[in-house]
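Below: the structure, in structure tokens.
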């Protein structure tokens, strides 16, 4: 309703109904949205389509939408900047920006009916569901009871056969080593330090399998010095 321009003040009765113990300000709402096409907009609108038939019918989902209310800004930094500078503003940005800038985030009701904060743990929890082997999946409105409902994966797209153009086998092996490092405990720790949520155990396992399928003209590429993955360090 806010991003469709139907709710324009923070003390609107519909907002008050969802926040019975909060003293809401008599303040105009300024929605802020992306002016450029983005996966962030796709994920946000995909979630709204999941929880609102009205949004699905009137706005739909996509990397760019025809917004009926609010202010446009370019990129996550642009949206974050306007939200920070505008009293009463609300927007949508990646966790790497929201958590790093210590912006206030909305506690949302997830599919299980639980109100959850946006944290690295609740975002990771969104991937604690059955995932397809090819990892082509959206995580919006996840069924995990601890999940933040507006969560998504970030993909790295590479050719399965690395023997193309002028690439050498060393280039291909370096890529596999890099991807393997990203999944390692150290790599996942680095991701968390810059406020990207670590992958769930199932996501790590399935992604490692995809990496193992990368080859150079049919020659399987193994990481030269693979680090143990997080679940391999756990005694069961």
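The values are calculated or read from the model by the stated rules, or taken from the named source; none is laboratory data. Everything numeric here is computed off the predicted structure, so don't read it as measured data. Here the Cβ is made from the backbone with ideal geometry for all residues, glycine too, and neighbour counts use every protein chain on show.
Among the residues making up segment 215-233, a single one is at pLDDT 95 or above and either crowded, with 19+ Cβ neighbours inside 10 Å or under 22 Å from the mean Cα position of the chain (by Cα) (or both): 216. Of all the residues in segment 19-33, those that are exposed (fewer than 11 other Cβ atoms within 10 Å of the Cβ) and either in contact with a helix residue (DSSP H, G or I) (Cβ under 6 Å, 6 or more places away or on another chain) or touching a residue at least 12 places away in the same chain (Cβ under 8 Å) (or both) number 1.
Could you go through segment 34-53 and let me know if any residue there is outside any loop (DSSP other than H, G, I, E, B), farther than 22 Å from residue 110 by Cβ and in contact with a helix residue (DSSP H, G or I) (Cβ under 8 Å, 6 or more places away or on another chain). So that I can check it myself, show each step before the final result.
Let us first name the residues in segment 34-53 that are outside any loop (DSSP other than H, G, I, E, B), namely 34, 39-51, 53.
Okay, now just the ones that are also farther than 22 Å from residue 110 by Cβ, so 34.
In the following step, the residues that additionally are in contact with a helix residue (DSSP H, G or I) (Cβ under 8 Å, 6 or more places away or on another chain) were identified as 34.
Yes; the residues of segment 34-53 include at least one that is outside any loop (DSSP other than H, G, I, E, B), farther than 22 Å from residue 110 by Cβ and in contact with a helix residue (DSSP H, G or I) (Cβ under 8 Å, 6 or more places away or on another chain).
Quick check on residue 157: is it part of a loop (DSSP other than H, G, I, E, B), under 30 Å from residue 49 (Cα atoms) and out of contact with any helix residue (DSSP H, G or I) (no Cβ under 8 Å at 6 or more places or on another chain)? Judged against the criteria, residue 157 is a match.
Scanning segment 131-185 for residues that are surrounded by fewer than 11 Cβ atoms within 10 Å (Cβ to Cβ) and in contact with a strand residue (DSSP E or B) (Cβ under 9 Å, 6 or more places away or on another chain) turns up just one, 160.
Let's see how each residue does on (1) modelled with pLDDT of 95 or more; (2) more than 16 Å from residue 93 (Cα to Cα):
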{"site": "28", "(1), (2)": "yes, yes"}
{"site": "39", "(1), (2)": "no, no"}
{"site": "53", "(1), (2)": "yes, yes"}
{"site": "63", "(1), (2)": "yes, no"}
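Of all the numbered requirements in (1) within 18 Å of the chain's Cα centre (by Cα); (2) touching a residue at least 60 places away in the same chain (Cβ under 8 Å), residue 117 misses one, and that requirement is (2). For residue 68, are the conditions met, namely being assigned by TED's automatic domain parsing to the domain that holds residue 39, loosely packed, with under 15 Cβ neighbours inside 10 Å and either at pLDDT below 95 or under 30 Å from residue 181 (Cβ atoms) (or both)? Yes; evaluated as a whole, the condition is true for this residue.
Looking across segment 108-130, the residues that are more than 19 Å from residue 194 (Cα to Cα) and surrounded by fewer than 15 Cβ atoms within 10 Å (Cβ to Cβ) come down to 109, 112, 113, 115, 130. Right, residue 130: at positive phi and assigned to a loop (DSSP other than H, G, I, E, B) or not? For residue 130, the condition - at positive phi and assigned to a loop (DSSP other than H, G, I, E, B) - is not met.
Scanning segment 83-95 for residues that are surrounded by 18 or more Cβ atoms within 10 Å (Cβ to Cβ) and part of a helix (DSSP H, G or I) yields 83, 95. Residue 63 passes every criterion in (1) crowded, with 17+ Cβ neighbours inside 10 Å; (2) touching a helix residue (DSSP H, G or I) at 6+ places or on another chain (Cβ under 6 Å); (3) part of a loop (DSSP other than H, G, I, E, B) apart from (1).
Hey, can you tell me all the residues within segment 5-27 that are in contact with a strand residue (DSSP E or B) (Cβ under 9 Å, 6 or more places away or on another chain) and assigned to a loop (DSSP other than H, G, I, E, B)?
5, 8, 10, 24, 25, 26, 27
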